[in-house]
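Trainee: One structure, pasted below without further comment.
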Amino acid sequence: MKAFPILAALLVALPAFAADDLVKAQEVIADPSLPAAQRDAEMQAARRYATFWHTGDERFARAALAADFTDRTLPPGRAQGVSGPLAASRFVRTAIPDLQADLLQLIVAGDRVTVHYRFHGHFTGRWADKRGEGQAIDFIATDIYRVADGKIADNWHIEDNLTLMQQLGLVAR
């Protein structure tokens, strides 16, 4: 009977997210030839990761990303693997604590999911040596995920960093 408390502790530790806990895409385009289970698993992984970017709650990233997750467009200085996006989110949220990511589009085709985000918030924290004064932040990003076994295994991404840097006041407009 010692196994029951261990099993109960494991069940409590597992992230259980209801579909209502996840952000919803404003537009979804999915290949109708995909098996429903594959399509749903890929959309679930993408929505979990989108919810991480929307809320900063690392449980969603850990649930969405494969243990051997690879960032295929790794920015200089960012760690490879799951720890990379976790650190990136923490860093950005020190500058923009109310950061949110709206999931504008979600496109599912084969083992790929493409997502298009709109990030927004206010620069009230610090970015390097610059202190925010409440400036509005509003920029876009697009990611392409390869999903395997219901988890994001690879990510190719591009962000409108020029707009972000201009809004932060780090680059002239």
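The values are calculated or read from the model by the stated rules, or taken from the named source; none is laboratory data. Everything quoted here is computed from the prediction, not taken from an experiment. Positions of Cβ are generated from backbone atoms using ideal geometry, with glycine treated the same way; all protein chains shown enter the neighbour counts.
Trainee: Restricting to segment 146-173, name every residue that is closer than 20 Å to residue 78 by Cα and touching a helix residue (DSSP H, G or I) at 6+ places or on another chain (Cβ under 6 Å).
Mentor: Answer for segment 146-173, where residues must be closer than 20 Å to residue 78 by Cα and touching a helix residue (DSSP H, G or I) at 6+ places or on another chain (Cβ under 6 Å): just 152.
Trainee: Within segment 85-94, does at least one residue satisfy the condition of being of a type outside the set (S, T, N, Q), part of a loop (DSSP other than H, G, I, E, B) and in contact (Cβ under 8 Å) with a residue 12 or more places away in the chain?
Mentor: No - not one qualifying residue is present in segment 85-94.
Trainee: Out of segment 29-45, which residues are among the hydrophobic types (A, V, I, L, M, F, W, C) and either outside any helix (DSSP H, G or I) or touching a Ser or Thr at 6+ places or on another chain (Cβ under 9 Å) (or both)?
Mentor: Residues satisfying the conditions are 29, 30, 34.
Per-residue answers, yes or no, for (1) closer than 19 Å to residue 103 by Cβ; (2) among the small types (Gly, Ala, Ser); (3) in contact with a helix residue (DSSP H, G or I) (Cβ under 6 Å, 6 or more places away or on another chain):
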site	(1), (2), (3)
25	yes, yes, no
40	yes, no, no
68	no, no, no
80	no, no, no
84	no, yes, no
89	yes, yes, no
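Trainee: Next question, about the same structure. Can you run down the residue pairs with Cβ atoms below 6 Å, 6 or more apart or on separate chains, where the first is in segment 153-173 and of a type in the set (Gly, Ala, Ser) and the partner is outside any loop (DSSP other than H, G, I, E, B)?
Mentor: The qualifying pairs are 153/66; 153/146.
Trainee: May I ask you to list the residues in segment 49-75 that are hydrophobic (A, V, I, L, M, F, W, C), crowded, with 19+ Cβ neighbours inside 10 Å and out of contact with any strand residue (DSSP E or B) (no Cβ under 6 Å at 6 or more places or on another chain)? Spell out the reasoning first.
Mentor: Of segment 49-75, the ones hydrophobic (A, V, I, L, M, F, W, C) are 50, 52-53, 60-61, 63-67, 69, 74.
Filter once more, keeping what is crowded, with 19+ Cβ neighbours inside 10 Å: 50, 52-53, 60-61, 63-65, 69.
52, 60, 61, 63, 69, listed by residue number.
Trainee: Another one. What's the number of the only condition in (1) under 13 Å from the mean Cα position of the chain (by Cα); (2) more than 26 Å from residue 149 (Cβ to Cβ) that residue 48 fails to meet?
Mentor: It is condition (2) that residue 48 fails.
Trainee: Say we look at segment 76-99 and pick out the residues that are β-branched (Val, Ile, Thr) and farther than 13 Å from residue 58 by Cα; which of these is surrounded by the most Cβ atoms within 10 Å (Cβ to Cβ)?
Mentor: Step one: filter segment 76-99 for residues β-branched (Val, Ile, Thr), giving 82, 92, 94, 96.
Cutting the leftovers down to farther than 13 Å from residue 58 by Cα gives us 92, 94, 96.
Values: 92: 19, 94: 12, 96: 22.
The selected residue is 96.
Trainee: Could you give every pair whose Cβ atoms fall below 7 Å, whose first residue belongs to segment 57-84 and is under 20 Å from residue 23 (Cβ atoms) and assigned to a helix (DSSP H, G or I), and whose second residue is small (Gly, Ala, Ser) and at pLDDT 95 or above, counting only separations of at least 6 or pairs across chains?
Mentor: Close Cβ pairs satisfying both conditions: 64/45.
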